1. At GLN245 and LYS101, where each label point lies 7 Å from the Cα along Cα→Cβ, what is the point-to-point distance in nanometres?
2. Modelling each spin label as a point 7 Å along the Cα-to-Cβ direction, I'd like the GLU236/GLU204 distance in nm, to one decimal.
3. Please compute the modelled spin-label separation between ARG64 and SER216, points set 7 Å along Cα→Cβ, answer in nm with one decimal.
4. Taking a ≥ b ≥ c as the square roots of the eigenvalues of the Cα gyration tensor of the stretch 62-202, is the shape rounded (a/c under 1.5), prolate (a/b larger than b/c) or oblate?
5. For the pair ASN86 and ALA260, what calculated FRET efficiency results from E = 1/(1 + (r/R0)^6), where r is the Cβ-Cβ distance and R0 = 45 Å, to the nearest 0.05?
6. Under a 10 Å cutoff between Cα atoms, tell me which one of GLU236, GLU11, GLU181 has the largest fluctuation in the Gaussian network model of the chain.
7. For ASP36 and THR2, what does the FRET efficiency come to when R0 = 25 Å and r is the distance between their Cβ atoms, rounded to the nearest 0.05?
8. What relative contact order, as a whole-number percentage, does the chain give when Cα pairs under 8 Å and 6 or more residues apart are counted?
Amino acid sequence: MTSYSPGQDVEPALTIAGGMTVLSGNTYKAFRLPCDFTISQFSTLTFEFQSPKQFEVQGIGIARQTHDYTQEVQFKVYGTQTPDLNWVVAEQYQGSGKWQKYVFRLAEYLQLHEPYYYLTLIHDCDSNAVSASAFTDISLQSALDFDAMPVSPAVGQDSNPMLTTSASSAVLHGSTWKAFELPSEFFVSRSYASLSFEFQSWGECEIHGIGLATGSANDIRPIVLFQVYGTQTSTESWVVKVAEQYYGTGDWQPYRIWLADYLELDLNTVHFIMLAHDCDEVLQSDSAFRNVVLSQAPGPASDEGDTMGTAV
């Protein structure tokens, strides 16, 4: 953590505890992300905000540098002043004292493929009045673009493949095991990363799942496959049947899996997202996945110094 525009960070007061970050005084702070975050078409900044009272400017952003906040885009969510320059005035906080959730689609405000290095938080209060800005569940995410990723057969099970993809979704029929090569910006770290997605199926077959793999296109080695539906229990050690199985209604069901709960290895070696629809019989069955996200940069942690901790 460091001052963000040191000339503004003149009376800083910051508390980080229980997954919540609270700023008071005149506080401009920048937190170094655990990995560079590159803006894609599907990048989002998500968080919840709370304040007992508004003052000049209360906001959040991401930055490439820390010496001059006017060179970066900030999102104002509360405050009496209308800032100039690169501020985006968002839907303002309702002032109820309750948590209010925000989701910003970053491609609408930032340049595609540009890397960012810091999460920034601002509570601008030049008076000595008692005030505070609280943030929680901060997360930077980018959904995977299936149309943009090279795809290869996986683990020798791709015997009758049928695959349809769009930018944010993939649908599998037959006996289809596919590995999609991650772009370089999807660096993930065991301490921080989660895998979230939505799943849908119109018919149950043996194994329906999503996971991670390493290696190369000619030598794909599974790390883990999270089975969310299916009649079989695999004997492979890397297949994990998640507790909350798909409820089988044909509706989309959301999932979020904290990878550190299952994995003991360094996820810097992850190269592929793996999708599986194992159906050796000719059945009217499918596996559909959409909005697949590897979380890259959750919110500040109290015990990690300059890094970012896990948003729960």
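We did not get these values from a lab; they are worked out from the coordinates using the rules stated. The model shown is predicted, which means the values in this text are computed figures rather than measured ones. So basically every Cβ, Gly included, is an ideal-geometry build from the backbone, and we count neighbours across all protein chains shown.
1. About 2.8 nm, to one decimal.
2. 2.1 nm
3. Here the modelled spin labels are 3.4 nm apart.
4. Since a/c reaches 1.5 and a/b is larger than b/c, the shape of the stretch 62-202 is classed as prolate.
5. 0.80
6. Evaluated over the chain, the most mobile residue of the options is GLU236.
7. 0.90
8. Dividing the mean separation by the residue count of the chain yields 22 percent.
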